[in-house]
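The values are calculated or read from the model by the stated rules, or taken from the named source; none is laboratory data. Because the structure is a prediction, the values reported are computed rather than measured. Note that each Cβ is placed from the backbone with ideal geometry, even for glycine, and that neighbours are counted across all protein chains shown. The protein model used for the area step is the full one, side chains on, heavy atoms only, and it has no ligands, DNA or RNA in it. Shrake-Rupley method; radii C 1.70, N 1.55, O 1.52, S 1.80 Å.
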Amino acid sequence: QFATRVVSCRAAELRPEGGGDPVRGFHVVLEDTILFPEGGGQPDDRGLIGDVPVLRVTRRGPEALHFVPSALQPGVEVLLSLDWERRFDHMQQHSGQHLITAIAEQMFGFKTTSWELGRQRSLIELDTPSVTAEQVEALERSVNEKIRDRVPVTVRELEADDPEIETVRSRGLPDDHVGPVRIVDIEGIDSNMCCGTHVSNLSDLQVIKLLGTEKGKKNKTNLVFLAGNRVLKSIEQSHSTEKALTSLLKNGPGEHVEAVKRLQSSVKLLQKNNLNLLRDIAVLIARDFKSKPAPRQLFVLHRKEGDSEFMNIIANEIGTEETLLFLTVGDEKEAGLFLLAGPVEAVENLGPRVAELLEGKGAGKRGRFQGKASKMSCRGEVQALLEEFISHRSP
């Protein structure tokens, strides 16, 4: 916690991280703050000003803008409270990134070009087209040795014109930077220009797990990692998943993969058999229709189980030169597929109207119009439209 004073409060809008309409609120500037504004690859802190929640903290020049949902009176003294769990997580990930970056460069010459502290995992972009599994393993082993060595992490400030600044690792200062330059040192390992929040000793990182690599931008590789409490949470999630699979598959964790493979093979075989049966049913439905003594101009069919091929087989078997067919598959109360087939001119005229009634989308050519329907419950309206069309067309 930290006691400070409100300097200014202005109306503002916040765009939610997940998208959506902007949230109306206020940007509050304080005399000083313990909440970190987002920047340098690190997300912002959260907390409370009094009992008012801080939803976002951003930087504007030397000022931190605290977005809050309700106004605060300028000049009033307030108690600022920090969300420590979020802060400590960010400290672990950020110090972990510094350590991984330094050791990756020392061991293999891989320079870090950028990094991202994500909600579940973090990424370090390395300036190399590839990293081998052996290199990842050696790097993980080395960074965890440094954690066990309990290496101190310290912060110092230098004047902007200090020649020592040229000796520290940096991606450059922001264009609007003013004042002293902040250096974060991992004793004997790394010296880096940084504005972020860090642990005071590598032992606070507990452990680092490198999850592997992903292809990055051109000739770059993304190294994925977890640090500290995130490793523990990941193990907990994996263990919960393992217990659930053990219960469902009725075998031990070492046999899970083989059991899933067997299930996948069984499902593929069942799907193949099901498709063959659907094709046979489609042919039988069409032959039954054609066997009727009096030819009908309209054929309507709905089936919960089926696909586009099922509907097209029926259309092929019945023939669409004389008959207008309206076929649908799927749950009556949910979305599904439809096919309108028949004389070319009739289908061209009726297809878009059928899609509209079913609140769906479709396309057609050569006497067939098919697509997705989001409102299968309107099939009756489509049938009425087609019956009306047939009655007007009949002599």
Antiparallel DSSP beta bridges within the range 292-392, as percent of all bridges there, nearest 5: 75 percent
Neighbour-limited loop hits for GluC sites (Glu not before Pro), the range 335-395 (at most 16 other Cβ within 10 Å; DSSP other than H, G, I, E, B): Glu359
Lys, Arg +1 and Asp, Glu -1 on Cβ, resulting dipole of the range 292-392 about Cα centre, debye, nearest 20: 100 debye
Accessible-area order (highest first, 1.4 angstrom probe) of the listed residues Met107, Met311: Met107, Met311
Distant-in-sequence amide H partners of Leu298 (H built 1.01 Å from N, under 5 Å): Leu324
Accessible area in the full protein assembly, largest first, 1.4 Å probe, for Asp32, Asp190: Asp32, Asp190
Glu309-Thr58 FRET efficiency (beta carbon distance; Förster radius 45 Å; 0.05 resolution): 0.25
Dipole moment magnitude, nearest 20 debye, the range 340-394 about Cα centre, only Lys, Arg, Asp, Glu C-beta charged: 300 debye
Carbon plus sulfur fraction of accessible area for the range 282-395, probe 1.4 Å, in percent: 50 percent
The range 248-341, accessible area per residue, ligands and nucleic acids excluded (1.4 Å, Å²): 63 Å²
Accessible area, probe 1.4 Å, largest first, for residues His27, His198, His66: His27, His198, His66
FRET E, pair Val155, Lys233, Förster distance 22 Å, beta-carbon r, rounded to 0.05: 0.20
Of (i) 176; (ii) 240; (iii) 230, the label for volume of the Cα convex hull per residue in Å³ derived from the coordinates: (ii)
Tail fraction, Cα-Cα pairs, the range 87-234, threshold 27 Å, whole percent: 19 percent
The range 102-118 - phi-based ³J(HN,Hα) in whole Hz, Karplus 6.51/-1.76/1.60, Gly and Pro as x: 5, 5, 4, 6, 5, 7, 10, x, 7, 8, 8, 9, 6, 8, 9, 8, x
Under-5 Å amide H pairs with Val23, H placed in peptide plane, nonlocal only: Leu14, Arg15
Among the listed pairs Lys111/Lys209; Lys220/Lys243; Lys268/Lys304, those beyond 28 Å (Cα-Cα): Lys220/Lys243
Within the chain, helix-based [θ] at 222 nm, where runs of 4 or more DSSP H residues each add -39,500 (n - 2.57), nearest 500: -12000 deg cm²/dmol
Area of Lys272 that stays accessible when all protein chains are in place (1.4 Å probe, Å², to 10): 130 Å²
For the range 130-188 and the range 224-272, distance of Cα centres in Å: 38 Å
Heavy atoms of Val76: accessible area, 1.4 Å probe, square angstrom to 10: 60 Å²
³J(HN,Hα) computed for each position of the range 37-42 - Karplus, 6.51 cos²θ - 1.76 cosθ + 1.60, integer Hz, glycine/proline x: x, 4, x, x, x, 10
Student exercise, the chain dipole from Lys, Arg, Asp, Glu Cβ charges, in Debye to nearest 20: 1920 debye
For Val54, distant residues with modelled amide H under 5 Å away: Gly47, Leu48, Ile49
